[in-house]
Amino acid sequence: MGLLRRNLVGRTVVIISHDMALVAEYATRVIAMREGTVLADGTPADVFSQCEVLEGTSIRPPQAAVLAAELGLPGVLTVADAVREMALQRHRSGRPSSPRLLRRPRWTTSSPVRAASS
């Protein structure tokens, strides 16, 4: 993402979006507004955890963050964060953990899908 590269070289990047998955992955600060009034200002984890404040906006936390909160994984915002946190919890508990849980998930395959022949 070109915006991320610009931010890494010291430029401020402002994103106005209703895509909360994008915000969770790239933003370091979130300002939630309604009708020109600031309702919340903080890190994505802080803002997304303020459910009663967000009810007054059209903003909904990313699905991964909602599921993680229900599973007792506070502060998790993305699927990749959730996978890493679950692997760390398994490691801390002494249960064997697959090393593949610590890698970034692959959502696509490189091989073409073939129709089954009868």
Quiz item: With charges only on Cβ, +1 for K and R and -1 for D and E, what is the dipole size of the range 1-63 about its Cα centre, in debye, rounded to 20?
Solution: 400 debye
Quiz item: Between ALA40 and residues 5 or more places away or on another chain, which pairs have amide H atoms under 5 Å apart, with H built 1.01 Å from N, and which residues are they?
Solution: ALA32
Quiz item: For the range 31-43, what does the Karplus curve 6.51 cos²θ - 1.76 cosθ + 1.60, with θ = phi - 60°, yield as ³J(HN,Hα) per residue in whole Hz, taken in order and with x for Gly and Pro?
Solution: 10, 9, 10, 9, 6, x, 9, 6, 9, 8, 8, x, 5
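We did not get these values from a lab; they are worked out from the coordinates using the rules stated. Bear in mind the structure is a predicted one, so any value in this text is a computation, not a measurement. Using ideal geometry, Cβ is built from the backbone for each residue, glycine included, and neighbour counts are taken over all protein chains shown.
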